[in-house]
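Enquirer: Once you've had a glance at the structure underneath, I'll fire off some questions.
The values are calculated or read from the model by the stated rules, or taken from the named source; none is laboratory data. Being a predicted model, the structure only gives us computed values, none of them experimental. Positions of Cβ are backbone-derived with ideal geometry, glycine not excepted, and every protein chain shown enters the neighbour counts. For accessibility, only protein heavy atoms count, side chains too; no ligands or nucleic acids. Shrake-Rupley method; radii C 1.70, N 1.55, O 1.52, S 1.80 Å.
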Amino acid sequence: MPSSRKTRIALAVLCALPLMAGAEQGLKLKSQPTLLLIPPDNTDEVPLFIEADRLQGIQDREIEAQGSARLRKRGQAFFADWMRHEMPADVLTAKGNVRIEQGREIIEGNALRYEIATDRGFMEQPRYMLISTPPGSSGSARFSDTDGRGTAERLLFEGPGQYRVQTASYTTCEPGNDAWFIRARQLDLDRSRDVGVARDASIVFFDKTIFYSPYLSFSLHQERKSGFLTPNYRTSNTTGFEFTVPYYWNIAPEMDATLFPRYMTKRGLQLGAEFRYLNPSWQGEARTEILPNDHQVSRDRWGIFAKHQQTLGRGWSGAFNINRVSDGNYFTDLSTQVAVTSQVYLTNDLTLARGGTWGDGGTYSFSAFTQRWQTLQADPLAPLVAPYNRQPQLTLAAQRLGTRIGDFDFLGSYTAFDHPSLVNGQRMVINPSFSLPLQNAFAFVTPKIGAHITHYTMGENNTANLQNSTRALPMFSAETGVVFEREMQAGGQALIQTLEPKAYYVYIPYKDQNHLPNFESGLQDVNFATLFTENQFSGSDRVNDANQLTAGISSRFIDASTGIERLRVALAQRYYFQSQQVTLPGVAPRARDSNSSDVLAVISGNIAKNWITEAGWQYNTDLKQTQKFNVSGRYQPQAGKVLNLAYRDTANTLRQADVSAQWPIDGRWTAVARWNYSIRDNRTLEALAGVEYNDRCWALRVVGHRFATTTSAASTSIFVQLELSGISRIGTNPMDVLFRNISGYKSLDPRAPAPVQYNVPGVF
């Protein structure tokens with residue numbers, strides 16, 4: 001009696017016999033690829049199906065199929081003009097239009113010898129395609145699912161998902177587009193790890209070899225892997241021509257490191273390293289840079305940057321942030337990014353915090369914080385005063401809502417202020433308050449009472465002979481507002497318009513504070529948020545006297561069908577019933593005949609199709625002049641097509657025009673530009689211009705960037721990058737510069753990966 005395996009194969013063959021030439025009757029077996037979707041962990045024996053125009057063979061030894069032959073077994077499908085299956089060895093030999101579909105691969109060639117049980121064998125003159133989605137799951141492979149494709153003289157099957165391709169080519173371009181490809185003497189593809197390794201490899205771009213390496217390693221699906229990253233090239237007027245060859249080390253799923261030696265023709269060789277780690281209870285990163293003997297200044301330059309956050313359990317958490325550089329000109333000399341060169345204060349701090357609940361529904365938070373600053377005096381024409389160090393600062397905040405007498409809030413802090421040249425001291429602040437929110441569906445009123453108690457203990461550098469002192473101030477405020485609504489039509493669209501008047505009254509008695517130190521307080525900018533606050537000063541060293549009422553009104557236009565806000569307008573002003581007397585040191589009190597603040601007005605929203613506009617106006621009623629006027633607009637009819645316009649004017653301070661755009665030129669060409677110009681100083685603050693070419697499987701970006709680093713100096717850089725999709729980026733990446741400079745900028749690469757915590761492109 002034959003074995004069960006032979007019986008199943010025989011049945012499969014018998015079912016296919018009616019398909020032979022000359023068969024006119026009998027059951028017909030219809031091919032169904034979905035029958036092949038067997039779970040990978042299922043090791044049960046399964047039948048082998050063969051169908052063709054003609055079948056013949058010897059039972060239990062071999063089957064020969066001719067004419068549109070097809071063999072299927074456990075997720076594999078083989079096609080050929082002719083094939084023979086040797087049963088004892090489970091070996092398949094095929095010739096003529098050979099095609100294999102298995103898992104995530106499609107391979108075609110002239111001839112095949114394949115051991116089905118071991119996934120070993122070879123194919124002559126193969127053409128292969130690696131895809132993200134198995135054909136059987138969707139019916140066919142699409143280019144958007146393709147990881148790569150290529151041709152070779154011979155392909156060796158070396159086990160499940162293991163291929164060795166001889167005299168091979170490889171590209172991620174769609175079929176028919178060979179704009180670029182890797183040419184290699186030998187190409188090893190490991191689908192289980194999504195890794196490709198090419199030996200004696202060249203990158204060919206439009207029939208020109210642009211890169212050669214005896215060993216080239218890359219990810220088949222843009223996954224993380226260790227290896228050399230694509231070299232970076234850049235030129236800058238402060239560093240000269242730059243060349244960087246980073247090495248990426250994929251240490252573990254939750255940590256990695258990058259080494260990046262950077263050679264600068266004007267400065268020398270800078271060595272740098274970055275380490276990143278991520279865990280459910282802790283995460284952070286550290287970066288260090290060192291430039292021995294900078295050629296321009298003949299001294300060593302270095303930078304250390306690290307941050308860490310950790311959950312300690314039982315409500316406790318901790319964090320530290322370290323930033324130190326060798327000198328004040330470190331960033332302006334060595335960086336080509338505005339966000340970096342504009343830094344003038346570097347913080348170094350340590351935090352220990354705890355949060356929890358208390359009583360019946362109360363919450364609290366406690367933090368211990370210490371902070372020291374490094375001041376970077378890079379511009380001699382703009383001298384800086386170092387901020388106070390805090391060693392330490394202890395803060396306790398507590399809240400309990402819905403008590404019988406209303407909501408309770410408490411904020412207390414102790415801070416030791418330290419400065420090398422200014423007066424030192426210790427400050428304790430206690431700020432309790434009670435509020436009683438009363439509201440219904442269309443109106444609200446919230447009265448609030450509280451106190452601000454501050455005690456100072458003076459320390460070193462007390463040249464003004466300030467005494468230890470205590471300041472205690474009662475505080476009362478009341479806020480109220482009403483919301484009116486009506487339905488309306490505008491441009492054939494159903495809208496809901498709201499009218500929302502609001503009033504905010506504050507009373508704080510006057511107390512002379514000239515004998516108190518000022519460690520941190522400053523005058524807050526006038527805006528819609530600060531107009532509706534108790535204290536016009538930031539920090540706790542100055543508390544304004546107040547007998548004032550802030551009145552405001554806003555109106556919103558809301559799409560009745562979607563609830564999206566289409567337009568908002570608002571107007572607000574503060575009125576003083578008595579003149580304020582508390583000021584900052586060296587600042588004169590407000591004129592006694594002034595009984596109101598500046599008027600604020602704002603409008604924002606979609607004023608026309610594809611247009612988003614925002615305008616703000618601050619008008620001084622005493623001086624009868626505009627203090628601030630800002631207006632900006634964005635026109636964005638589609639992704640990848642955006643125009644930004646902005647004008648900013650602050651009396652006696654700045655007047656700037658700002659224009660930026662990303663706009664298609666012709667077909668795959670796109671122009672990018674930005675110009676930020678100071679009209680007051682007759683100087684360009686930042687300028688950017690460049691072009692992008694995107695051809696789905698490759699992209700070219702050329703961008704020039706110039707920005708002011710100090711009042712008399714500027715940095716100029718040129719970025720050139722060739723991106724071969726799914727493999728590598730050659731040159732220097734300008735994407736961060738483009739995203740920061742052009743609001744609404746959109747990458748047009750349809751296969752660009754979504755941002756992830758650890759995302760490394762193709763690796764060499």
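Enquirer: Across region 289-318, what is the total count of residues that are crowded, with 18+ Cβ neighbours inside 10 Å and in a strand (DSSP E or B)?
Expert: 4
Enquirer: So, in region 378-394, how many residues would count as being open to solvent by less than 30 Å² (accessible area, probe 1.4 Å) and either out of contact with any helix residue (DSSP H, G or I) (no Cβ under 7 Å at 6 or more places or on another chain) or in a strand (DSSP E or B) (or both)?
Expert: Going through region 378-394 one residue at a time, the tally reaches 3.
Enquirer: I'd like the residue in region 175-195 that is out of contact with any Ser or Thr (no Cβ under 7 Å at 6 or more places or on another chain) and farther than 18 Å from residue 153 by Cα and, out of all such residues, is surrounded by the most Cβ atoms within 10 Å (Cβ to Cβ). Working first, answer last.
Expert: As a first pass, look at region 175-195 and keep what is out of contact with any Ser or Thr (no Cβ under 7 Å at 6 or more places or on another chain): 175-177, 179, 184, 186-193.
Going one step further and asking which of them are farther than 18 Å from residue 153 by Cα, we end up with 175-177, 179, 190-193.
Details: 175: 11, 176: 5, 177: 15, 179: 15, 190: 15, 191: 18, 192: 9, 193: 13.
Checked region 175-195; the qualifying residue surrounded by the most Cβ atoms within 10 Å (Cβ to Cβ) is 191.
Enquirer: Take the residues of region 90-117 that are open to solvent by 20 Å² or more (accessible area, probe 1.4 Å) and of a type in the set (D, E, K, R): which is nearest to residue 74 (Cα to Cα)?
Expert: 101
Enquirer: Still on this structure: From the list 585, 637, exactly one residue is over 30 Å from residue 541 (Cα atoms) and out of contact with any Lys or Arg (no Cβ under 6 Å at 6 or more places or on another chain). Which is it?
Expert: Details: 585 fails: over 30 Å from residue 541 (Cα atoms).
After ruling out the rest, the residue left standing is 637.
Enquirer: Taking the conditions exactly as written (open to solvent by 50 Å² or more (accessible area, probe 1.4 Å), outside any strand (DSSP E or B) and among the charged types (D, E, K, R)), does residue 360 satisfy them or not?
Expert: For residue 360, the condition - open to solvent by 50 Å² or more (accessible area, probe 1.4 Å), outside any strand (DSSP E or B) and among the charged types (D, E, K, R) - is met.
Enquirer: Is one or more of the residues making up region 748-763 at pLDDT 60 or above, under 14 Å from the mean Cα position of the chain (by Cα) and not aromatic (Phe, Trp, Tyr)?
Expert: No, there is no match, as no residue in region 748-763 is at pLDDT 60 or above, under 14 Å from the mean Cα position of the chain (by Cα) and not aromatic (Phe, Trp, Tyr).
Enquirer: Tally up the residues in region 536-578 that are assigned to a loop (DSSP other than H, G, I, E, B), open to solvent by less than 60 Å² (accessible area, probe 1.4 Å) and in contact (Cβ under 8 Å) with a residue 12 or more places away in the chain, please.
Expert: Adding up the residues that qualify gives 10.
Enquirer: What are the residues in region 68-82 that are free of Cβ contacts under 8 Å to residues at least 24 places away in the same chain and open to solvent by less than 40 Å² (accessible area, probe 1.4 Å), if any?
Expert: As a first pass, look at region 68-82 and keep what is free of Cβ contacts under 8 Å to residues at least 24 places away in the same chain: 68, 71, 79, 81-82.
71 - this is the single residue of region 68-82 that is free of Cβ contacts under 8 Å to residues at least 24 places away in the same chain and open to solvent by less than 40 Å² (accessible area, probe 1.4 Å).
Enquirer: Tell me which of these residue 693 doesn't satisfy, since it passes every other one: (1) aromatic (Phe, Trp, Tyr); (2) at pLDDT 75 or above; (3) assigned to a loop (DSSP other than H, G, I, E, B); (4) over 22 Å from residue 646 (Cβ atoms).
Expert: (3)
Enquirer: Out of (1) out of contact with any helix residue (DSSP H, G or I) (no Cβ under 8 Å at 6 or more places or on another chain); (2) over 26 Å from residue 153 (Cα atoms); (3) in a strand (DSSP E or B), what's the single condition that is false for residue 55?
Expert: With respect to (1) out of contact with any helix residue (DSSP H, G or I) (no Cβ under 8 Å at 6 or more places or on another chain); (2) over 26 Å from residue 153 (Cα atoms); (3) in a strand (DSSP E or B), residue 55 is out only on (1).
Enquirer: Another one. Tell me, which strands (runs of 3 or more DSSP E) wholly within region 196-288 include 2 or more residues that are open to solvent by 40 Å² or more (accessible area, probe 1.4 Å), among the β-branched types (Val, Ile, Thr) and over 18 Å from residue 733 (Cβ atoms)?
Expert: Ranges flagged: none.
Enquirer: Mind checking which residues of region 382-428 are in contact with a Pro (Cβ under 8 Å, 6 or more places away or on another chain), small (Gly, Ala, Ser) and within 19 Å of residue 347 (Cα to Cα)?
Expert: Once the filter is applied, which keeps residues that are in contact with a Pro (Cβ under 8 Å, 6 or more places away or on another chain), small (Gly, Ala, Ser) and within 19 Å of residue 347 (Cα to Cα), region 382-428 yields 386, 416.
Enquirer: Quick one: in region 659-691, which of the residues that are open to solvent by less than 20 Å² (accessible area, probe 1.4 Å) and touching a residue at least 24 places away in the same chain (Cβ under 8 Å) is nearest to residue 180 (Cα to Cα)? It would help to see each step written out before you state the result.
Expert: Keep residues of region 659-691 that are open to solvent by less than 20 Å² (accessible area, probe 1.4 Å), which gives 660, 662, 670, 672, 676, 678, 686, 688, 690.
Those still in the list that are touching a residue at least 24 places away in the same chain (Cβ under 8 Å) too: 660, 662, 670, 672, 678, 686, 688, 690.
On the way: 660: 32, 662: 26, 670: 21, 672: 25, 678: 44, 686: 35, 688: 29, 690: 23 Å.
Of everything passing the filter in region 659-691, 670 is nearest to residue 180 (Cα to Cα).
Enquirer: When you look at residue 541, is it under 35 Å from the mean Cα position of the chain (by Cα) and more than 23 Å from residue 436 (Cα to Cα), yes or no?
Expert: No: the conditions fail for residue 541.
Enquirer: I would also like to ask the following. In the set 729, 706, 680, which member is at pLDDT below 95, in a loop (DSSP other than H, G, I, E, B) and of a type in the set (Lys, Arg)?
Expert: The conditions single out 680.
Enquirer: How many residues does region 472-522 hold that are farther than 30 Å from residue 564 by Cα and not in a strand (DSSP E or B)?
Expert: Residues that pass the stated criteria total 14.
Enquirer: Can you confirm whether region 349-357 contains a residue that is over 25 Å from residue 470 (Cα atoms), buried (at least 16 other Cβ atoms within 10 Å of the Cβ), in contact with a strand residue (DSSP E or B) (Cβ under 6 Å, 6 or more places away or on another chain) and small (Gly, Ala, Ser)?
Expert: Yes, region 349-357 contains at least one residue that is over 25 Å from residue 470 (Cα atoms), buried (at least 16 other Cβ atoms within 10 Å of the Cβ), in contact with a strand residue (DSSP E or B) (Cβ under 6 Å, 6 or more places away or on another chain) and small (Gly, Ala, Ser).
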